[in-house]
Amino acid sequence: MKKFRLVNIWIIYVFLLMLLCLPGCNIETNQATTTPVNKFTNSTKEKVLNLHNIDPYSLDPATIGDATSMSYVLQIFNGLVRFDNNMEIVPDIAVDWNISEDGKVYTFYLREDVRFHSGKQVKAADFKYSWERACNPAIGSQTAAIYLGDIVGTSEVIAGEKENISGVEVVNDATLRLTIKEAKSYFLYKLTYATTFVVNEENVDSGIDWWRNPDGSGPFKLKQWDKNSLLVLERNKYFDQTSNIHNVDIIKFHLWTGRSMDLYETGEIDITQVGVDYIDKVTDPNGIFFDQLKVIPELSLVYLGFNCQKAPFDDVNIRRAFSMAINKDKLVSLVYKDTMIQADGILPPGIPGYNNYLIGIEYNNELAHELIAKSKYGSVFNLPQITITIGGWGALIPSELEAIVEEWRINLGVEVDVRQLEPEVFLYELKKEKDEMYYWGWSADYPHPQNFLEVLFASGSDYNIGEYNNLKVDSLLQAASREQDKMESFELYQQAEQIIVSEAACLPLWFGKSYMLIKPYVKGLNFDLLGYANLNDVFIE
């Protein structure tokens, strides 16, 4: 996250594709044909999996905040724990752990057979080094405070006051003890995120661009990276391979090679994300693709953010009026052909704590005009120029955003401009670059309300891009995070969400679903609710 962590397929423009999607993938074929043939290299008989993607921005786990980079980092690096396909916490490098009765002290017991790709054994001290490095202000991580900030002593390191995290203790090579400031029911979830992954100090010390030749401990190692052309991963021989003897040996990411749906239809790739333009074709029960279609729900939200500290959206009446002037039901139907789920709140369906009774801001153009008249601006003619910040290239504006801007013009009589930033600037510098509004999205890093509500809307949060500020919301979020009774905690989160929605801290648009085509011989590919797949489990039937 966020980091910006949308993982989805349903925004068809490239700039959001980079934010939302895990790339299409395939088994390497002998030639472009509508009936691909599995291919093994002649000399080694290696099993090769071909994927379609773009270049990562970085492969440094401490600093990445976009889904494209994350899709590579998850294969190259790993951490203490991970999610399984059922979104349950399971061991990764930690074989076991225990938690003190007060919920503040976590003791992890590490596997002793885990090695970096170079062969060096991974020890508890490597985690302490990795986390202190991530919190070092010189690194410039935007995620360290979110995912490591609960640990005692991280705040002082992030502030540059100390170099060592006092709450991280290396008991011995295979035992790591953490002390957090307050008991948090979701703390283990945070340890599944890339910021907490282990890196090799010797590798990092090799130079500023060390991450272009990373020495991780994940299931795959980086073998080759030709920018804008090809990125190749090969299996880490030290990684546990007992789970599936059919796993692939080589993964080739073909970068910037065209539209994945075209490649899928010609047999050049075997998995593709399906955009709106093709949805009728692939959902036709009598069509050739219907049996290959898989619809994947995701814990993700696309929204328009308001700059709550800048005119005119410093006035809640203006934020509510702009929200009321958009017919989201019509947009979902006409622009997205009902492939999206209209969003009235912040938390997506399927997440624990989802509120079925939340009251959203309904489409009401007449009331929108009344709210503008009630605001401190009094009339649309007194509003300053309004601009939406987006990311991408070539001045391409998503069709759904064009429709939204047109609705404001017709319903409110307001002209809204759009300003496009280069994707990397948009992803990592939006908080200081934003205009009056911004087109943004978020996908869960872990299935908990805190990852949406606190991360995106708590005062002072690094990913509270719109700088929304409400002391009552802050109090509810803090109380919810401390509450050990799950249902009572969810009730507090729901109260906070209702205030955030009622005050139009943002304009929720839609929750996501992924429509994917998968060739029948690709097995073991499972996407979790966060939108990622464990490629270590993929094999050829």
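Using a 10 Å cut-off around each Cβ, can you sort V157, V95 from fewest to most neighbouring Cβ atoms?
Result, fewest neighbours first: V95, V157.
Roughly how many debye, to the nearest 20, is the charge dipole of the chain about its Cα centre, given +1 on each Lys and Arg Cβ, -1 on each Asp and Glu Cβ, and no other charges?
540
On a full-extension model of 0.36 nm per residue, what is the gain between D338 and I499, subtracting their alpha-carbon distance, rounded to one decimal in nm?
This chain segment gains 55.2 nm when fully extended.
Take the Cβ-Cβ distance between K310 and R482 as r, set R0 to 51 Å, and report the resulting FRET efficiency rounded to the nearest 0.05.
It comes out at approximately 0.95.
With each pseudo-label sitting 7 Å past Cα toward Cβ, what's the S459-V95 distance in nm, one decimal?
In this crude spin-label approximation the distance works out to 4.8 nm.
Could you bin all the Cα-Cα distances of region 259-309 into 5 Å bins starting at 0 and give me the percent of pairs in each, rounded to whole numbers?
So the P(r) values, bin by bin, are 4, 16, 21, 21, 12, 8, 6, 5, 4, 2, 0.
Pull up the cross-link candidates among the lysines for K123, meaning alpha carbon to alpha carbon under 22 Å and not fewer than 8 places away within one chain.
K190, K221, K237
Take the residue pairs K310/K431; K310/K472; K128/K162 and return only those whose Cα atoms are more than 18 Å apart.
K310/K472
Going by a ≥ b ≥ c, the root eigenvalues of the Cα gyration tensor, does the chain fall in the rounded group (a/c under 1.5), the prolate group (a/b larger than b/c) or the oblate group?
The shape class here is oblate.
Could you tell me which of the pairs K252/K523; K337/K519; K47/K523; K45/K252; K47/K519 are separated by over 19 angstrom between their Cα atoms in the structure shown?
Where the Cα-Cα span goes over 19 Å, the pairs concerned are K337/K519.
What's the ranking of 52-65, 512-525 by average number of surrounding C-beta atoms within 10 Å, highest first? Write out the running numbers ahead of the final one.
Details: 52-65: 22.6, 512-525: 18.9.
Descending packing order for the listed peptides: 52-65, 512-525.
Rg over Rh of region 81-201, using C-alpha atoms and the Kirkwood radius, what does it come to? Walk me through the numbers before you get to the answer.
Values: Rg = 13.7 Å, Rh = 14.6 Å.
Using Cα coordinates only, the ratio equals 0.94.
Between L367, G65, P449, whose Cα lies farthest towards the positive end of the dipole of the chain when Lys and Arg beta carbons carry +1 and Asp and Glu beta carbons carry -1, centred on the Cα centre?
About the Cα centre, the residue reaching furthest to the positive side is G65.
Divide by every residue of the chain the summed helix terms, -39500 (n - 2.57) for each DSSP H run of at least 4, and state the resulting mean residue ellipticity at 222 nm, rounded to the nearest 500 deg cm²/dmol.
Dividing the helical sum by the residues of the chain leaves -7500 deg cm²/dmol.
With a cut-off of 8 Å between alpha carbons and a minimum separation of six or more residues, what is the relative contact order of region 92-209 in percent?
Relative contact order here is 29 percent.
Give the Kirkwood hydrodynamic radius (Å, one decimal) of region 300-511, defined as one over the mean of 1/r across all pairs of different Cα atoms.
17.5
Over region 134-203, one equal point on each Cα, no solvent: what is log10 I(q)/I(0) by the Debye formula at q = 0.18, 0.25 Å⁻¹?
Values returned for q = 0.18, 0.25 Å⁻¹ are -0.73, -1.36.
Can you give the Rg to Rh ratio for region 199-240, taking only C-alpha atoms and Rh from Kirkwood?
On the way: Rg = 11.2 Å, Rh = 11.2 Å.
A ratio of 1.00.
Readers should treat all values here as calculations from the given coordinates under stated rules, not as data from a laboratory. Everything quoted here is computed from the prediction, not taken from an experiment. Here Cβ is always computed from backbone atoms with ideal geometry, including for glycine, and neighbour counts include all displayed protein chains.
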